[in-house]
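The values are calculated or read from the model by the stated rules, or taken from the named source; none is laboratory data. This one's a predicted model, so the numbers in the text were calculated from it and none came from an experiment. Cβ sites come from the backbone with ideal geometry, for glycine too, and all protein chains shown count toward neighbours.
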Amino acid sequence: MTFLSVLHLLLALAGAPLLAGIIHRVKARTAGRRGPPLLQLYFDLGKLLKKGAVYSRTTTWVFKAGPIVGLAAAVLSLSLVPLGPVPAVAAFPGDLILMVYLLGLMRFVTVLAALDTGSAFEGLGASREVQFSALAEPALLLGLGALAATARDMSLSGIFSGLSLPAAPPSAAPVLLLVSAATFIVLLAENARIPIDDPNTHLELTMVHEAMVLDHGGVDLAAIEYGSSLKLWIFAALLSGVALPVATGSSAADLLLHLAGVLAVAVAIGLVESGMARLRLLRVPQLLLAASVLSLLALALALR
Amino acid sequence: MATLLDMLVVLLVLANFRLLGSSRLLACIRTVAAQAVLLGATAVCANWAHLEGELVLIVCSSVAIKAVLLPWLLRRAAREAAVTREVEPLIGFSLSLLAGAGLLAVCLLIAAPLRVPGAPSSGLMIPASLFTILTGLFLIVARKKAVTQVLGYLCMENGIHAFGMAFAVREPLLVGMAVLLDVLAAVLVMGIAIYHISREFDHIDTDRLTALKE
């Protein structure tokens, strides 16, 4: 852990909502509109924080605990994620599994809170969310496993500093390519982006992630929105580390380079969203299976 | 060069998965053509140090036949039979992808003892070629449309070609050309057969041909 690791954590905590602003701006520009301000999500969060929350009489403490536990899990998970060769705040062998399952815990409490409302729509959203993430999880874990096998290291920070270009073995290139593709698909699925889920949909029947958080309001909704933006940052940082495996030698330059990488991932998401329609619900599992296959192939290559 | 070779072989494997997961005939035809181009590139890459006119001739002719002529023929057959997608395969596309992952694992397992010391190509070539052969077989068994089955046959041929490349430093010209001629003749016959089947019966679902009566 270095000063730069802490700086990355602080930058991520402060800058995560900016990614949503960038995605919206890119989508608006490609469609020929001006779009909302880049800091829109900050304004939304500020507005939500000023409001009180309304709780239905059917809900229990589970509903109130959901957003808080979810946000805590996201922050913990973020502290395990390195930004390219810049190590994470906490690093130990096997932290990649903890990171994935902290994200799993975040999803689990969100689903529990959704089921606690007793609303049919939320149950529907929860069931779809769980179905998709059950398929996305093997893709992510197998991909991280492939990276670990290539770098011969079991901690995320060790993996990413071992795979960065001057130190990386030349045989790592196909593995990195396959894992980047798989991670990008998982990123789109886990963050409810367009080919899998439409974040702007207004029809409850077509919602996946948004349907689950319909009943949250005020501070709770702010915690959920902020937690999702942290999750987007986590995946963007991972993807930037895999797709741009470069260590410049100076850690400060690494930090800047990979921050630019994270922003570039947001631009890429915006471009994908403006260029694609949402997939039919039945086609989504197929896309996620394809991501798992990519990761599996990467693992086979890495273990060879 | 070794990394590039690895990349080409990985692309070959990914093309197989695309064949397993796609329902669109035109996309599948394009993928098989791309596979042939990939194989040509692999052959050139593996022998980059001692490239000869003979090898270039084989590669060019096989790419020309398998990536230009045969796809054109199949596209024509598909257009005349008016089919654009595989509607109801015997095994669904998601399940096919899963089966593909299983087949790949099997190929990696059985290819380990087959590794040839001193072979010029990537160590992945043998499992990848076995996987291509099995994918072709799988397509022939699991799909109903005659065009897709011909594609499976072509994919299998690509696999056999790749398998040969993994073992032999340079395939003798005669063998290479003979195999190519075989495939060309077979696909020509199949193309004509598809056309006639679709003209007589208004469909090219091969499983329904078994129910024919005098």
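Evaluate the range B:135-148: report whether one residue or more is surrounded by fewer than 20 Cβ atoms within 10 Å (Cβ to Cβ), within 14 Å of chain A (Cβ to nearest Cβ) and in contact with a helix residue (DSSP H, G or I) (Cβ under 8 Å, 6 or more places away or on another chain).
no
For the range A:269-283, state whether one or more residues are away from every other protein chain (no Cβ under 14 Å), among the β-branched types (Val, Ile, Thr) and in contact with a Ser or Thr (Cβ under 9 Å, 6 or more places away or on another chain).
The answer is no, given that none of the residues of the range A:269-283 is away from every other protein chain (no Cβ under 14 Å), among the β-branched types (Val, Ile, Thr) and in contact with a Ser or Thr (Cβ under 9 Å, 6 or more places away or on another chain).
Identify, please: which residue in the range B:3-15 is over 12 Å from B:THR42 (Cα atoms) and at the interface with chain A (Cβ under 10 Å from one of its Cβ atoms) and is, among those, surrounded by the fewest Cβ atoms within 10 Å (Cβ to Cβ)?
That would be B:LEU14.
Output the residues belonging to the range A:164-207 that are within 14 Å of another protein chain (Cβ to nearest Cβ) and not in a loop (DSSP other than H, G, I, E, B).
Within the range A:164-207, A:ALA172, A:ALA173, A:PRO174, A:VAL175, A:LEU176, A:LEU177, A:LEU178, A:VAL179, A:SER180, A:ALA181, A:ALA182, A:ILE185 qualify.
Out of A:ALA113, A:ALA126, A:ALA136, A:ALA90, report the one residue that is over 21 Å from A:ALA12 (Cβ atoms) and over 18 Å from the mean Cα position of the chain (by Cα).
Checking each option against the conditions leaves just A:ALA113.
Here are A:PHE121, A:PHE108: which of them is without any contact (Cβ under 8 Å) to a residue 24 or more places away in the chain and aromatic (Phe, Trp, Tyr)?
A:PHE108 is the lone residue from the list that is without any contact (Cβ under 8 Å) to a residue 24 or more places away in the chain and aromatic (Phe, Trp, Tyr).
Name the single residue, out of those in the range A:150-161 being touching a Leu at 6+ places or on another chain (Cβ under 9 Å), not in a loop (DSSP other than H, G, I, E, B) and not hydrophobic (A, V, I, L, M, F, W, C), that is farthest from the other protein chains (Cβ to nearest Cβ).
Of everything passing the filter in the range A:150-161, A:SER157 is farthest from the other protein chains (Cβ to nearest Cβ).
Among the residues of the range B:1-22, write down those that are in a loop (DSSP other than H, G, I, E, B) and within 16 Å of the chain's Cα centre (by Cα).
Hit for the range B:1-22 is B:SER22, nothing else.
Would you mind stating whether A:ALA298 is within 14 Å of chain B (Cβ to nearest Cβ), among the small types (Gly, Ala, Ser) and buried (at least 16 other Cβ atoms within 10 Å of the Cβ)?
Here the answer is yes, as A:ALA298 does meet what is asked.
Could you check how many residues of the range B:42-75 are over 19 Å from B:VAL179 (Cβ atoms) and in a helix (DSSP H, G or I)?
Residues meeting the conditions: 7.
Does B:ALA99 count as within 13 Å of chain A (Cβ to nearest Cβ) and in a helix (DSSP H, G or I)?
Judged against the criteria, B:ALA99 is a match.
Across the range B:24-44, which residue is modelled with the lowest pLDDT among those that are crowded, with 17+ Cβ neighbours inside 10 Å and within 14 Å of another protein chain (Cβ to nearest Cβ)?
B:THR42
So, A:SER180, is that one under 27 Å from A:SER228 (Cβ atoms), at pLDDT 90 or above and over 18 Å from the mean Cα position of the chain (by Cα) or not?
No; evaluated as a whole, the condition is false for this residue.
In the range A:30-43, is there at least one residue being of a type in the set (S, T, N, Q) and in contact with a helix residue (DSSP H, G or I) (Cβ under 8 Å, 6 or more places away or on another chain)?
So far as the range A:30-43 goes, yes, one or more of its residues are of a type in the set (S, T, N, Q) and in contact with a helix residue (DSSP H, G or I) (Cβ under 8 Å, 6 or more places away or on another chain).
List the residue pairs whose Cβ atoms are under 7 Å apart, where the first residue sits in the range A:273-295 and is outside any helix (DSSP H, G or I), the second is of a type outside the set (S, T, N, Q), and the two are 6 or more positions apart or on different chains.
Taking only residues 6 or more apart or on different chains, the pairs are A:MET276/A:ILE194; A:MET276/A:PRO195; A:ARG278/A:ILE194; A:ARG278/A:PRO195; A:ARG278/A:ASP198; A:LEU279/A:PRO195; A:LEU279/A:ILE196; A:LEU279/A:LEU287.
Name the pairs: first residue in the range B:61-84 and surrounded by 14 or more Cβ atoms within 10 Å (Cβ to Cβ), second residue β-branched (Val, Ile, Thr) and part of a loop (DSSP other than H, G, I, E, B), Cβ to Cβ under 8 Å, at least 6 apart or on different chains?
B:ALA78/B:THR84; B:ALA81/B:ILE204; B:VAL83/B:ILE204
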